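See below for the structure under consideration.
The values are calculated or read from the model by the stated rules, or taken from the named source; none is laboratory data. Note that the structure is predicted; figures quoted are calculated from it, not measured. Here the Cβ positions follow ideal geometry from the backbone for every residue, glycine too, while neighbour counts run over all protein chains shown.
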Amino acid sequence: MSLRSKKIFFILSVAVPFLLYCVYYYGMMVKNAPYKFAEFQSFTIEYGYRDSLFNKYNSETGAYQFVNKKDSIVKKKLWLTKDDLLYLHRKAAELGYWDFPSNEIGDTTKKHVPRFIVQFNYKRKSKRVIYYANYDGHEKLRDANERLIKEIQGKLTEASARYDK
């Protein structure tokens, strides 16, 4: 066998089946991914202290409620753009939101600990995470939660500024 025929034999018997298997395997993974933006329906966030979660947003209804600097509750309609929702979906995926535990609760005896409830809803599945700011879990998990919450709050602030113009 010549060197050229050995290379062709190697490519046909090893490399091509490996590539075909990779395409099949990862194609199935992408096809069956539980959290695809094409199936995205809405997300909600609620936050506050203890049982008084006065700050709320629901992307499906556009209902936005928050406590302003004068300690009064402000309610208004606020719609995020598709780009904003796509950004938040991708940021959640980047931070590993889908792998977060559902309950990240710290010491519940303390009174003034901020509590956050973030939920992403899709056609086939939804993910809800309850996060207390004093959660004593892994540092990377706490950091990822705080970054996602800041990103969501930032997008809500941007959208509110767009609507207030």
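If a residue has to be part of a loop (DSSP other than H, G, I, E, B) and either surrounded by fewer than 15 Cβ atoms within 10 Å (Cβ to Cβ) or in contact with a Pro (Cβ under 6 Å, 6 or more places away or on another chain) (or both) to count, how many in the stretch 72-95 make the cut? Residues in the stretch 72-95 being part of a loop (DSSP other than H, G, I, E, B) and either surrounded by fewer than 15 Cβ atoms within 10 Å (Cβ to Cβ) or in contact with a Pro (Cβ under 6 Å, 6 or more places away or on another chain) (or both): 3 in total. Restricting the search to the stretch 49-79, which residues are touching a residue at least 24 places away in the same chain (Cβ under 8 Å) and under 15 Å from the mean Cα position of the chain (by Cα)? Within the stretch 49-79, Tyr57, Ser59 qualify.
Is it fair to say Phe54 is more than 20 Å from Ser126 (Cα to Cα), in contact with a Gly (Cβ under 9 Å, 6 or more places away or on another chain), outside any loop (DSSP other than H, G, I, E, B) and not polar (S, T, N, Q)? When the stated conditions are applied, Phe54 passes them. Pairs meeting the criteria (first residue in the stretch 135-157 and closer than 23 Å to Lys110 by Cα, second residue among the hydroxyl-bearing types (Ser, Thr, Tyr) and crowded, with 16+ Cβ neighbours inside 10 Å, beta carbons under 6 Å, at least 6 apart or on different chains) are Arg142/Tyr135; Asn145/Tyr131. The single condition from (1) closer than 19 Å to Arg50 by Cα; (2) surrounded by 17 or more Cβ atoms within 10 Å (Cβ to Cβ) that Pro114 fails is (2). Of all residues in the stretch 35-71, those satisfying the criterion of being surrounded by 12 or more Cβ atoms within 10 Å (Cβ to Cβ) and among the small types (Gly, Ala, Ser) are Ser42, Gly48, Ser59, Gly62, Ala63.
The residue that is modelled with the lowest pLDDT, counting only those in the stretch 139-165 that are more than 19 Å from Ile117 (Cβ to Cβ) and touching a strand residue (DSSP E or B) at 6+ places or on another chain (Cβ under 9 Å), is Tyr163.
Whether a residue is basic (Lys, Arg), closer than 20 Å to Tyr35 by Cα and assigned by TED's automatic domain parsing to the domain that holds Ile45 was assessed, and Arg90 passes this test. The sole residue among Lys56, Lys70 that is under 17 Å from Glu151 (Cα atoms) and of a type in the set (Lys, Arg) is Lys56. Taking the stretch 102-149 on its own, how many of its residues are under 16 Å from the mean Cα position of the chain (by Cα) and not basic (Lys, Arg)? The qualifying residues number 21.
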